[in-house]
1. Once both labels are modelled 7 Å past Cα along the beta-carbon direction, what's the D26-A134 spacing in nm?
2. Would you calculate a helix-derived [θ] at 222 nm for the chain, using -39,500 (n - 2.57) for each DSSP H run of n ≥ 4 and dividing by the full residue count, to the nearest 500?
3. Can you tell me the accessible area per residue over segment 26-117, all protein chains present, probe 1.4 angstrom, in square angstrom?
4. Could you please state how large a percent of the accessible area of segment 3-196 is carbon and sulfur, counting protein chains only and using a 1.4 Å probe?
5. For segment 3-196, calculate the relative contact order in percent as a whole number, restricting contacts to Cα pairs under 8 Å that are 6 or more residues apart.
6. By its C-alpha gyration tensor, with a ≥ b ≥ c as the square roots of the eigenvalues, how is segment 1-112 shaped: rounded for a/c under 1.5, else prolate for a/b larger than b/c, else oblate?
7. Considering only the chain, what is the antiparallel percent among its DSSP beta bridges, to the nearest 5?
8. Pull up the cross-link candidates among the lysines for K117, meaning alpha carbon to alpha carbon under 19 Å and not fewer than 8 places away within one chain.
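The values are calculated or read from the model by the stated rules, or taken from the named source; none is laboratory data. Quick caveat: nothing in here was measured; it's all calculated off a predicted structure. Positions of Cβ are backbone-derived with ideal geometry, glycine not excepted, and every protein chain shown enters the neighbour counts. Quick note on the areas: whole protein, heavy atoms, side chains included, nothing else; ligands and nucleic acids left out. Shrake-Rupley method; radii C 1.70, N 1.55, O 1.52, S 1.80 Å.
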Amino acid sequence: MARYFDVHPQDPQPRAITQAVRIILDGGLIAYPTDSCYALGAQMGNREALDRIRSIRQLDDKHHFTLVCRDFAQLGQFVNIGNDVFRSIKSVTPGSYTFILPATREVPKRLLHPKKKTVGVRIPDNRVVQALLAELGEPLLSSTLLLPDEEDPLTQGWDIKERLDHQVDAVIDAGDCGAEPTTVVDFSSGVAEVVRHGAGDASRFE
């Protein structure tokens, strides 16, 4: 059964955050709220958790996983980003956007798109996620909590606990965080291409 943490959305309890991060570091898979919707999260190098995410969501090997980063200093370790692209991304972060960029050698190969060698990155505007990332000290491997054959992501912590109780190790419930995934912008060619319209305003990239 999954551990259940009921945390305050603006001032998450440090003890709960510490316990959740310990689960991540012990190889666990968590469901957690973001600034767009709930997501699945695990330690970046955790092969088993990656396979579990693929199983829960029934993903193929072309799916772009996301590294959720605390800030630009951390993000810059894992993707190659030019000045123009940096300015474009900087203008909307933190926020409900995921950016696809060429990965550096710091990113485990199993996280990369098999042909493009790219990975998704984002800096969310969410106190709970920021607390998790500060405690973890590294990016969180992440994927939107969108179940197969369902159009909308899961949005309530208690519902996630009921439905995924034996598939995840912890659920962090911070109340309603929205029901729309991030807007995804592919910068891998150096030019913005909106590949998914979501919670972030895509107009500035079109």
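1. 2.4 nm
2. Calculated at 222 nm, the ellipticity per residue is -7000 deg cm²/dmol.
3. Here the residues of segment 26-117 average 46 Å² of exposed surface.
4. Taking all protein chains in place, segment 3-196 shows 44 percent carbon and sulfur surface.
5. So the answer I get is 35 percent.
6. oblate
7. Antiparallel bridges: around 60 percent, rounded to the nearest 5.
8. K62, K109
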